[in-house]
Amino acid sequence: MNELCDSVSKQKEVLVAQGVEKLKILGFSKVTIHTILKDEMYQLYFLSFLNSKSNCNNNEIIAINELKALILKVLKV
């Protein structure tokens, strides 16, 4: 169980880093791993990025779902 949690946690880190790189490609030069989950504009683009992911393994699916749930929770507050 601990290995699964570690793997999912690592996958979330990878997804956030990929999201930052994707947003930088789109022109958001100031986005960082610290701001991608805090700024509403970045969150919306990151959600779009997560929704577009395909061919994911089980750990990636869990990580994506957890990140999407976190973002949606923050956006509703």
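None of the figures in this text is laboratory data; all of them are computed from the coordinates on show. The shown structure was predicted, so the numbers you read here are calculated from the model rather than taken from an experiment. Cβ sites come from the backbone with ideal geometry, for glycine too, and all protein chains shown count toward neighbours.
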(request) Calculate the radius of gyration of the Cα atoms of the stretch 2-76 to one decimal place, then report Dmax, the largest Cα-Cα distance, as a whole number, both in Å. (result) 12.0, 38
(message) Explain nothing, just the number: dipole magnitude of the chain about its Cα centre with +1 on each Lys and Arg Cβ and -1 on each Asp and Glu Cβ, in debye rounded to the nearest 20.
(response) 260 debye
(message) I need the phi-derived Karplus couplings for the stretch 6-23: 6.51 cos²θ - 1.76 cosθ + 1.60, θ = phi - 60°, integer Hz, Gly and Pro marked x.
(response) 5, 5, 5, 4, 5, 5, 5, 4, 5, 5, 5, 4, 5, x, 4, 4, 4, 5
(request) Check each of the trypsin sites (Lys or Arg not before Pro) in the stretch 24-77 and keep only those in coil by DSSP with at most 15 other C-beta atoms within 10 angstrom; list them in order. (result) LYS30, LYS38, LYS53
(message) Using only Cα atoms and rounding to the nearest 10 degrees, what angle (0 to 90) does helix 40-52 make with the longest principal axis of the chain?
(response) 50 degrees
